[in-house]
Amino acid sequence: MALRSLHISNVVLIDQLTLEIGEGLTALTGETGAGKSILLDSLGLVTGARADANLVRKNQTQASVTAVFENAPPVIAEILSQQGFEIEDDMVLRRVLSADGKSRAFINDQPVSVSLLRQIGEHLVDIHGQFETYGLLDPAQHGALLDVYAGLEEDCAALQKLWTMWKQASEVYDTALTDLESARKQEDYVRHAVDDLAALNPQEGEEDELLSIRQKLQHRHFITESRTIIENLLSGDDGIMRQLHHVWRQVDKLSDKLGADNFTSVRDSLDHAQKYLEQAERDIGHLTRDDDDDYTSLESVDDRLHDLRSQARRHNITCAQLPEFLHALRAKLDLMDHDGARLTQLEQNVTAAKTAWHKAAQNLSAKRQKAAKILAKNVNAELPPLKLEKAKFQVTCTAQENEKFWGPRGCDQIIFEVSTNGGDFGPLNKVASGGEMARFMLALKLVLAESHAGQKVYVFDEIDTGIGGSTAAAVGERLARLARIYQVLVVTHSPQVAATAHHHFNVAKDTGKTEIRNLDFAAKIEELARMLAGAVITDEARAAAQKLLQSAAQNARGEAA
């Protein structure tokens with residue numbers, strides 16, 4: 001995933017500006033107040049940061065920022081697919097901010113909520129100093145980061161399945177226990193209801209069938225009389241079938257005189273007519289026959305309907321629900337009659353599932369504790385060159401005994417902590433100063449980089465605060481190393497850091513507007529010389545700048561080799 005371009009319109013000092021960003025390390029340099037921080041504010045805005053009306057350029061009605069990303073990671077595709085989006089090529093994020101502080105968000109020109117934009121932004125960009133509750137500064141993320149670093153994703157997935165099985169078994173047991181307790185309270189009612197309904201023996205669809213029989217019995221005389229009349233008209237002495245027989249005889253006589261072949265279609269028509277009449281007679285007989293042996297009288301049908309409806313009213317259900325209701329009551333009785341054995345089995349299922357989960361959680365905890373020591377060792381090895389000689393980093397991985405702290409990812413509380421000057425350990429964002437924290441973040445990201453490569457754009461704002469010389473060079477080297485895996489942007493005042501960049505932009509303010517310029521090699525030397533010498537650029541400063549670039553290139557070739 002990579003950020004390809006950033007277009008900014010009417011943001012503070014910026015009128016219209018488009019920044020095309022390449023892979024690797026990009027450095028942004030310039031005088032204080034030129035507008036470098038505005039670029040980061042704009043990138044934060046388009047990735048879901050809180051909107052501030054003060055970002056809108058003076059005398060303008062709205063500001064907008066558009067960012068184009070390519071090769072979005074699968075997690076983003078999954079999030080967007082749940083919202084009905086399909087990302088095939090580039091993903092374009094846009095945020096429009098009005099002067100009244102209201103904002104609108106868009107993904108590929110489709111309006112979205114700011115919360116969705118923020119959710120996507122968290123997976124795209126990590127701007128140090130902007131999102132202090134996310135990423136490496138968020139203790140809630142430390143466990144997942146350690147698992148990814150240690151390659152424990154499959155272990156975590158297996159543990160989550162065991163957690164689900166445990167909770168499902170617990171739910172089945174709790175439901176059965178609740179049902180049993182409820183059934184016990186109404187046992188007498190259940191037993192009497194089962195006896196009454198079993199004696200009644202309601203059948204599915206019985207009410208509708210009885211109503212149909214009832215209608216037949218109500219009109220039995222009329223039905224019998226009509227059937228007799230129809231049968232006489234069809235097959236009586238003077239019925240249609242008898243007349244059709246006479247027609248057949250006359251056709252036979254005509255065919256003898258005029259030729260049988262000429263009467264083929266006539267014979268077919270008469271044959272069809274006879275078959276249809278015979279079928280009609282059979283259908284009428286079927287529809288009107290009186291074969292309901294169980295209900296020979298209207299009174300017996302009414303009595304059965306009354307019994308069914310009386311039971312339905314008693315239990316506040318419909319007649320159609322009586323068979324299913326009887327089945328449910330019998331299940332309750334079965335539970336009460338065999339509650340001990342069934343509940344014991346369900347409880348054993350819960351215990352077995354819990355034991356399996358806890359064993360897997362303990363095994364995972366052991367792997368995490370081992371990985372925590374390795375992570376801490378590797379991070380601490382990166383600290384001295386970053387002028388953090390007295391600082392220490394540790395990963396606490398504590399298995400919680402209290403079940404209320406257990407969850408799908410296990411029973412461990414995992415926290416990244418630091419000690420800056422030999423004091424007590426504490427959270428990174430509470431213990432370290434701004435510059436120290438930025439360098440800690442760099443060390444952490446370097447060590448974590450290989451385990452989740454290429455998933456974010458990392459942005460460092462003035463990571464070189466309070467350092468210079470060899471320490472600044474060490475920061476630059478590490479940023480360049482990180483940029484081999486990630487896309488990295490750095491706002492810097494350090495020529496040693498800027499010299500390591502693959503791309504270098506100068507940010508300047510001209511007539512009240514921020515402008516940005518992509519520096520070629522010669523312009524980069526001039527900018528580095530300015531950073532080294534100040535207002536008056538000397539040949540010595542240019543020579544020193546060129547030496548910095550040569551040294552950075554040599555280091556890059558050495559690491560690549």
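Read-outs: derived from the displayed coordinates by stated rules, not from any lab. Being a predicted model, the structure only gives us computed values, none of them experimental. Cβ: placed from backbone, ideal geometry, glycine included. Neighbour counts: every protein chain shown.
Things to note:
- Aspartates and glutamates whose Cα lies under 16 Å from that of Lys387, excluding same-chain neighbours fewer than 8 positions away: Glu436, Glu462, Asp464, Glu477
- Residue-averaged [θ]222 nm for the chain, counting only DSSP H segments that reach four residues, each worth -39500 (n - 2.57): -18500 deg cm²/dmol
- Summarising the label geometry, the points placed 7 Å from Cα in the beta-carbon direction at Tyr189 and Ala273 lie 6.9 nm from one another.
- Annotation note: trypsin sites (Lys or Arg not before Pro) in the stretch 243-333 located in DSSP loop regions with a Cβ neighbour count of at most 15 within 10 Å are Arg289.
- Here the gap between Ser470 and Ser170, fully extended at 0.36 nm per residue and compared with their Cα-Cα distance, gives a gain of 102.0 nm.
- Reachable aspartates and glutamates from Lys253, criterion Cα separation under 19 angstrom, eight or more residues apart if same chain: Asp261, Asp268, Asp271
- Label-point separation in nm, Glu540 to Arg314, each point 7 Å along Cα→Cβ: 11.0 nm
- Fewest-first ranking of Ser419, Ser494, Ser42, Ser470, using other Cβ atoms within 10 Å as the exposure measure: Ser470, Ser419, Ser494, Ser42
- Nearest-ten-degree value, helix 206-218 long axis tilted from longest Cα axis of the chain: 30 degrees
- DSSP loop GluC sites (Glu not before Pro) with at most 10 other Cβ within 10 Å: longest gap in the chain: 89-388
- Read-out Cα extents along the principal axes in Å, derived from the coordinates shown; its label in [x] 100, 62, 56; [y] 93, 93, 57; [z] 134, 78, 52: [z]
- Magnitude of the charge dipole for the chain, about its Cα centre and with charges confined to Cβ atoms of Lys, Arg (+1) and Asp, Glu (-1), is about 3160 debye.
- Charge context of Asn402, other residues only, Cβ under 15 angstrom, K/R +1, D/E -1: -1
- The chain: relative contact order as a whole-number percent, Cα under 8 Å and 6+ apart: 21 percent
- With a threshold of 21 Å on the Cα-Cα distance, the over-threshold entries among Lys58/Lys102; Lys36/Lys392; Lys513/Lys547; Lys370/Lys456; Lys167/Lys404; Lys36/Lys58 are Lys36/Lys392; Lys513/Lys547; Lys370/Lys456.
- Rg and Dmax of the stretch 187-337, Cα atoms only, in Å: 27.0, 89
- Three-way shape call for the stretch 471-526 based on the alpha-carbon gyration tensor, with the a/c threshold at 1.5: prolate
- What the Cβ-Cβ distance of Ser255 and Thr224 gives, at R0 = 41 Å and to the nearest 0.05, is a FRET efficiency of 0.45.
- Per-pair calculated FRET efficiency, R0 = 51 Å: Gln203 and Gln413 via Cβ, rounded to 0.05: 0.25
- Each of Ala443, Gln546, Gly476 was scored by the projection of its Cα onto the charge dipole of the chain, and the greatest displacement toward the positive side belongs to Gln546; charges sit on the C-beta of Lys, Arg, Asp and Glu.
- Positive-end residue, the stretch 187-337 charge dipole about Cα centroid, Cβ charges, pick of Leu333, Gln203, Val247: Val247
- Karplus-derived 3J(HN,Hα) values for the stretch 531-542, using 6.51 cos²θ - 1.76 cosθ + 1.60 with θ = phi - 60°, are 5, 7, 9, x, 5, 9, 8, 9, 4, 4, 5, 5 Hz; glycine and proline are entered as x.
- Charge tally for Gln487 (other residues, Cβ to Cβ under 10 Å; Lys, Arg +1; Asp, Glu -1): +1.
- Positive-end residue, the chain charge dipole about Cα centroid, Cβ charges, pick of Gly35, Val172, Phe85: Gly35
- Neighbour-count order for Met165, Met531, fewest beta carbons within 10 angstrom listed first: Met165, Met531
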